[in-house]
Amino acid sequence: MKDASTNTIYLCDYTPPAYLVEKVDLTFHLSPEKTRVISRIAFKPNPASQSGDFFLHGEDLTLLRASIDGQPVTPDVTDQGLTCAVPDAPFVWEAEVHINPAANTALEGLYMSNGMYCTQCEAEGFRKITYYPDRPDVMAPFTVRINGPHPVLLSNGNPAGAGDGWAEWHDPWPKPAYLFALVAGDLVAHPDTFTTRSGRHVDLNIWVRPGDEDKCAFGMEALKASMTWDEQVYGREYDLDVFNIVAVDDFNMGAMENKGLNVFNSSCVLASPETSTDMNFERIEAIIAHEYFHNWTGNRITCRDWFQLCLKEGLTVFRDSQFTADMRSAPVKRISDVIALRGRQFREDNGPLAHPVRPASFVEINNFYTATIYEKGAELIGMLKRLVGDDAYDRALDLYFDRHDGDAATIEDWLTVFQDATGRDLTQFKRWYEQAGTPRLSVTEEFADGTYTLTFEQHTPATPGQPDKGPQVIPIAVGLLNPNGDEVVPTTVLEMTEAKQGFTFDGLTARPIPSILRDFSAPVIVQRDTTNAERAFLLAHDTDPFKKWEAGRDLARDVLIRMVRDGAAPDDGYLSAMHAMLRDDTADPAFRALALGLPSQDDIAQTLYDTGTTPDPQAIWDAGQTLRQALAQQMQDTLPRLYAQHQVTDLYRPDAAQSGNRALANAALSLLTRLDGGAQAQRQYDAADNMTQQLAAWGCLLQAGKGDQATAAFYDQWRHDRLVIDKWFSLQVVHADPSQAVETCAALTDHPDFNWKNPNRFRATLGALAMSPAAFHRADGAGYALLADWLIRLDPLNPQTTARMCSAFETWSRHDTTRQAHARAALKRILATQGLSRDTTEMVGRILG
Ligand code: 0A1
Ligand code: ZN
């Protein structure tokens with residue numbers, strides 16, 4: 001168990017490892033409570049190191065014996081690892097330890113899930129398997145022998161032999177220990193093959209529990225598409241004879257890119273039309289791609305230390321976004337990514353958990369798998385690409401792969417590659433990696449004698465530990481429209497480098513309407529005085545799909561703010577602009593479905609807070625309901641037609657076209673339910689033959705307060721399917737009236753199927769409460785108290801999942817004093833818990849500030 005006393009680790013303290021590893025041989029004798037692990041590790045002194053101290057990480061291990069070059073030794077062992085006197089020359093270390101996978105509820109190291117053995121070693125889990133220099137800059141080839149009575153015994157690399165009760169694996173590619181994996185159990189394969197462009201034959205398998213075989217086909221297609229795409233777009237080929245994916249039910253995150261043996265949370269790989277929604281399919285495709293792409297960006301080139309996490313994660317998210325854009329609709333993907341970025345990363349940047357894309361310090365690295373590292377990290381790559389251009393980006397990436405293959409690299413290495421490939425000085429750009437916070441970009445404009453000037457001023461608010469920020473390089477993609485709606489200046493990237501900077505456009509016959517930050521060209525907040533008439537104009541005429549969507553979003557935000565703050569009625573201009581947008585049959589249905597969505601309740605709360613009003617979560621929820629009701633009434637003649645027109649009658653396919661039609665029809669159904677009391681939703685529920693339709697209909701019924709019958713029917717139909725039952729838990733909380741959601745959630749925790757030790761079920765139930773602002777931030781503090789109760793209970797078993805879920809509290813200080821007092825009390829209660837983990841202690845400490 002990690003204790004809370006461990007100190008902060010600093011990037012500036014990095015020193016190279018004292019010893020390097022030439023090769024690793026591991027032998028496992030599997031047994032639930034006493035697995036024996038024998039390690040034989042060839043070490044050599046690192047000429048680049050100043051210190052000769054030999055230290056191996058190790059936690060929760062029972063050391064049985066150790067030897068150096070065959071001679072028994074007695075190391076000094078602590079609860080963090082061991083030290084030992086060693087020769088100043090290459091030597092072979094051998095050790096034997098016992099570990100207890102059955103008692104490992106933290107799901108880090110070697111653990112058990114439904115009788116199957118599974119590992120999770122990122123970031124620092126390998127030290128719970130054996131003594132080792134568990135740091136990413138120590139890379140070595142591994143040979144692994146697994147002894148156990150299980151039909152399937154898997155590890156990284158290529159198969160090197162198997163017999164009754166044993167299997168051997170050899171991974172020729174040097175890798176850090178965090179990419180080690182072992183899986184053993186009674187699993188069945190969904191097999192396939194792939195031939196790489198240079199002719200390598202690769203056996204592909206998705207391994208699942210018996211009964212899940214019919215949910216693998218989609219994942220396999222996504223894997224093959226990813227392999228082809230990485231060859232075609234990045235010139236990257238797969239490098240082993242096998243690629244295995246395993247689905248596991250108990251997993252703290254989405255999936256893990258272990259070399260040649262990706263381990264997936266079963267919710268992120270298993271899919272069938274009957275049990276998965278269109279959104280599930282798209283997410284699964286993206287995660288399969290993400291993990292596969294890590295083979296080059298993460299595995300072949302890894303990170304020198306955990307401060308460089310964005311080196312692999314930002315780049316790999318960027319690559320998986322490109323993949324999804326190519327496979328589906330690029331504008332829809334971009335808009336969805338921006339919604340997610342603003343919802344999670346901007347929120348993080350605005351609160352007590354703000355940190356740079358490359359942090360300078362941490363206490364527990366597991367707390368830094370954040371939206372900032374991943375999603376903002378990806379935005380930085382997008383900005384680089386926009387600044388240097390597509391061809392230069394391709395050249396820089398080729399150089400990166402050539403120069404750093406086999407390395408544990410840094411952000412400096414990454415930026416140097418771009419500098420060398422393009423001749424561009426990236427000193428200022430590096431600030432994006434070092435400064436936390438979302439820059440505010442204010443805009444003023446002038447027009448005289450045919451010349452239009454846009455003047456931008458940038459300012460990044462203070463974040464924890466960073467009071468002052470320097471100006472950043474901001475690529476601002478701008479287009480200009482004339483008052484008739486024609487584009488007079490096509491998209492142009494303005495490169496802002498100063499705190500305040502003006503850009504002029506000549507030869508214009510009339511004052512133009514600017515379209516600023518097209519395609520969301522930088523992760524900034526644009527602040528500009530504008531009118532709703534201009535927003536409606538851009539919604540109708542902008543040629544940039546992101547800006548067109550954004551115009552509708554800005555309109556809705558403005559309307560909602562005035563409703564909450566001033567008690568205004570729903571704005572007619574907004575209602576008719578939306579109605580016109582919805583009836584435009586030339587527009588992509590998926591785009592229209594997105595455009596019909598309202599800004600999140602969190603977005604409205606933050607906007608109110610930024611403009612000096614204390615947000616009331618219940619009032620924000622009420623305003624959203626009123627506005628949706630007004631939209632439904634405004635569109636009452638259109639909705640039935642729209643709903644009918646976008647019904648999909650072909651055989652179910654989770655592709656972009658069908659998903660877009662279902663998204664629009666279901667958006668229409670949600671509004672229609674406000675008019676017909678749920679009659680159409682009930683018909684759809686009864687007729688549904690796929691989960692997208694069934695879940696959408698049930699959600700509408702729940703919202704209308706007519707869901708009881710469907711709730712019971714849904715449970716009876718799906719009680720045997722754990723992933724669908726996660727949805728059953730989640731949706732009841734998400735769609736409960738905020739005044740009742742805490743009670744609904746609490747009642748569900750008493751349900752016999754509420755297995756709180758399973759992270760998916762815990763997140764489905766308690767995470768759903770945390771995602772419902774009016775319920776979670778209920779004025780009497782009941783939402784905070786319920787979550788705190790459960791986090792306190794979960795922490796001793798699973799610190800990682802507990803700590804991650806603490807971020808539900810990150811906006812606590814923007815509320816009124818009553819809510820603040822309740823939230824503070826809940827957080828202090830968590831912090832006061834005896835033996836609280838290092839993970840949760842760090843998170844709650846940072847949130848309290
Ligand atoms: N590297 C994985 C995510 C991951 C990170 C940490 C984990 O355990 C603490 C597990 C998975 C990815 O980016 O997909
Ligand atoms: Zn990743």
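Since every read-out is calculated from the coordinates, none of them should be taken as a lab result. This one's a predicted model, so the numbers in the text were calculated from it and none came from an experiment. Don't worry about glycine lacking a Cβ; one is built from the backbone with ideal geometry, like all the others, and counts go over all protein chains shown.
One chain, two ends: ARG683 and GLN625. Fully extended at 0.36 nm per residue, the span grows by 18.5 nm beyond their Cα-Cα distance.
Local charge for TYR685 was computed over the other residues whose Cβ lies under 13 Å away, with Lys and Arg +1 and Asp and Glu -1, and equals -1. Annotation for the stretch 323-342 versus the stretch 788-826: alpha-carbon center distance of 31 Å.
A dipole drawn for the chain from +1 and -1 charges on Cβ atoms has a positive end, and of LEU539, SER813, MET220 the residue lying farthest that way is SER813.
With a Förster radius of 60 Å, plug the Cβ-Cβ distance of LEU63 and ALA825 into 1/(1 + (r/R0)^6) and report the FRET value to the nearest 0.05. After rounding to 0.05, the efficiency reads 0.85. In loop segments of the stretch 80-150 as defined by DSSP, there are no trypsin sites (Lys or Arg not before Pro) with at most 13 further C-beta atoms inside 10 Å of their C-beta. All other residues whose Cβ lies under 9 angstrom from that of GLU257 are scored, Lys and Arg at +1 and Asp and Glu at -1, for a net of 0.
For the pair GLU22 and GLN428, a Förster radius of 45 Å applied to the C-beta separation gives a FRET efficiency near 0.65, rounded to the nearest 0.05.
Rounded, prolate or oblate, given the Cα gyration tensor of the stretch 719-849, with a/c below 1.5 counting as rounded? Judged from the Cα gyration tensor, the stretch 719-849 comes out oblate (a/c at least 1.5, b/c at or above a/b). Considering only PHE401, SER730, LEU110, the residue lying farthest towards the positive end of the dipole of the chain is SER730, judged by Cα position with unit charges set on Cβ. Ranked for footprinting exposure by Cβ neighbours inside 10 Å, fewest first, LEU426, LEU701 give LEU426, LEU701. The Cα atoms of the stretch 166-219 give a gyration tensor whose axes a ≥ b ≥ c have a/c of 1.5 or more with a/b no greater than b/c, which makes the shape oblate.
Could you tell me the calculated FRET efficiency between ASP203 and ASP650, based on Cβ-Cβ distance and R0 = 45 angstrom, to the nearest 0.05? The computed FRET efficiency comes out at 0.85. Counting only alpha carbon atoms, the long axis of helix 601-610 and the longest principal axis of the chain meet at about 80°.
Counting neighbouring Cβ atoms within 10 Å and putting the fewest first, the residues TRP790, TRP756 line up as TRP756, TRP790.
Rounded, prolate or oblate, given the Cα gyration tensor of the stretch 314-465, with a/c below 1.5 counting as rounded? Rounded, since a/c falls under 1.5.
Over all other residues within a Cβ to Cβ distance under 13 Å of ASP519, the charged ones net out to +2, with Lys and Arg as +1 and Asp and Glu as -1. Each of TYR715, GLN501, LEU56 was placed along the dipole of the chain (beta-carbon charges, centred on the mean Cα), and the one lying farthest toward the positive end is TYR715.
Think of each Lys and Arg Cβ as +1 and each Asp and Glu Cβ as -1; about the Cα centre, that makes the dipole of the stretch 440-524 roughly 280 debye. Less than 5 angstrom separates the built amide H of VAL526 from those of LEU441, all sequence-distant by 5 or more or on a different chain. If you model the chain as an ellipsoid using its alpha carbon gyration tensor, with each semi-axis the square root of five times an eigenvalue, the axes come out at 45, 32, 27 Å, biggest first. Within the stretch 812-849, list the residues whose amide N lies under 19 Å from a label point set 7 Å along Cα→Cβ of ASN7. Within reach of a label on ASN7, which here means backbone N under 19 Å from a point 7 Å along Cα→Cβ, the stretch 812-849 contributes 838-839, 842. Paramagnetic label reach from LYS34 (point 7 Å along Cα→Cβ; backbone nitrogen cut-off under 16 Å): within the stretch 97-124, residues 97-103.
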